[in-house]
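Shown next, in structure tokens, is the structure this report addresses.
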Amino acid sequence: MTRHLGAGLVVGLGCVLVGCGSDDGDAGAPVVTSVVAAATSAPAGPPSTARPGVPTAGGATSSILSTGSATPTLRGLRVRLTQVGAFDQPVSVISRPGDPNGVQVVERVGRIRTLRDGAVATAPLLDMSTRTRAGGERGLLGAVFSADGSSLYVHYTDPTGTSVVDAYSMTVSGVADPSTRRQVLALPQPYPNHNGGDLAIGPDGMLYVAFGDGGAGGDPQRYSDKLNTWLGKLLRIDPRPSGSAPYVVPADNPFVGRADAKPEIWSVGLRNPWRISFDRATGDLWIADVGQNELEEVNRARAVDGAGRGVNFGWSAFEGSLRFNEDVPADGAVPPLHEYPHGELGCSVTGGVVYRGQRITALRGAYVFADYCVPGVRALDPSSPSQAVPIASGAKAIVGFGQGPDGELYAASLDGPLYRIDPS
């Protein structure tokens, strides 16, 4: 393979946001060599024998999973993107358990707004704009509600560039109470790009936290392969406080009990995971990871194989299926389910969700995603993942997807529009 270490090409604001293309020219704060996190692990069981790249059965479990037997029929499928609102740099869409009629739109500038019955609520669900600074790849990047809807978790960069996850309690009126804010964890960033920034609640009720490799280009400190840092990792924690600890590390995490590893780590080998999600029907974990110079990738970790427990997704030994940093061990790295080259297909993948709604029968069971650099929306049949199918065109700068309470899909454009995905 020929490695291309380009001059830091940036394609628009959104490409800066998600860290697409070659970015070796990026500069920032001096590299940090340790992470800061106020955490106390739960009592550990026997040391795990799992290692990066070896999926281990167990981990995420659930009593709410259905069979997920729907098979998509994507050939010739077209959907309509219906604009349902306009927002200030929307990056994600979430829905609160127990609220059957609304969705919440996460704005990078630091606000979360509720869309209900076609109208945007006057007061935001949360305004934390003074706690963050939107610019480049920073700002409020992700949010999720707890499984019971009583808490809201947000993932953002503070004005110093540190990645922070905070928790808020929800009020009876359906807004976040600012007085209840508590910090769950924090991670100083060595560079201003590749923050990751997404959150998800798994079918096990745990909070999954996605971090990029820290930035610059090519993972110069090889953080993604090191178990003593959260950079380039997916974490799994119980975000509820326990005594003086702001969260608890589940005892079945793959690296609990290892002196050389952060116990919060669930998966390794990520460059800039731009959107993670769990299939509502199967519990499978999906991660879209933005590429360096040549390939964009979509990863799936099946629930029956542990939903990513101890898995090494390959960066920076590999960019997609191509060998990248030769000095990083390649043993055990799991290849992506789907990849595509830079060029006419795009330059920066935007991860989405598996469709489990009722309005578009042919789309059920398909993974719906996009690329920031190419207008439109795509769908991928997990049983035939070599090629994704364009199902809608026209929408530009898609940086996030989300599901409503009914399982219907929404797509957020960093330019402002929020789209609902409707039958054509």
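Throughout, read-outs are computed from the coordinates displayed, never taken from laboratory work. Keep in mind it's a predicted model, so treat the numbers as computed, not measured. Cβ coordinates were reconstructed from backbone atoms using ideal geometry, including for glycine residues, and neighbour counts include every protein chain displayed.
With K and R counted +1 and D and E -1, the other residues having a Cβ less than 10 Å from that of residue 371 yield a net charge of 0. Between the beta carbons of residue 251 and residue 330, assuming R0 = 35 Å, the FRET efficiency works out to 0.70 to the nearest 0.05. Multiplying the residue separation of residue 130 and residue 321 by 0.36 nm and removing their Cα-Cα distance gives an extension gain of 64.6 nm. If we count every other residue with Cβ under 13 angstrom of residue 338's Cβ, Lys/Arg +1 and Asp/Glu -1, where does the sum land? Around residue 338, the charge tally is -4.
Between residue 147 and residue 358, the modelled label-to-label distance comes to 2.4 nm, taking each label 7 Å out from Cα in the direction of the beta carbon.
Once the C-beta distance of residue 422 and residue 121 is scaled by a Förster radius of 22 Å, the resulting FRET efficiency is 0.45 to the nearest 0.05. The Cα center of the range 229-274 and the Cα center of the range 348-404 differ in position by 29 Å. Relative contact order for the range 89-196: 20 percent, from Cα pairs under 8 Å spaced at least 6 residues apart, divided by residue count.
Relative protection proxy for 268-276, 229-237, from highest mean packing down: 268-276, 229-237 (other beta-carbon atoms within 10 angstrom).
Evaluated on the range 286-364, the Kirkwood hydrodynamic radius is 13.9 Å, with distances taken between all distinct Cα atoms.
Summing Lys and Arg as +1 and Asp and Glu as -1 over all other residues whose Cβ lies under 13 Å from the Cβ of residue 101 gives a net charge of -2.
To the nearest 0.05, what FRET efficiency results for residue 345 and residue 304 with a Förster distance of 30 Å applied to their C-beta separation?
The formula returns an efficiency of 0.50 here.
Determine the relative contact order of the range 170-224: mean sequence separation of Cα pairs under 8 Å and six or more apart, normalised by residue count, in whole percent.
27
Dividing the mean sequence gap of close Cα pairs (under 8 Å, 6+ apart) by how many residues the range 274-353 holds gives a relative contact order of 37 percent.
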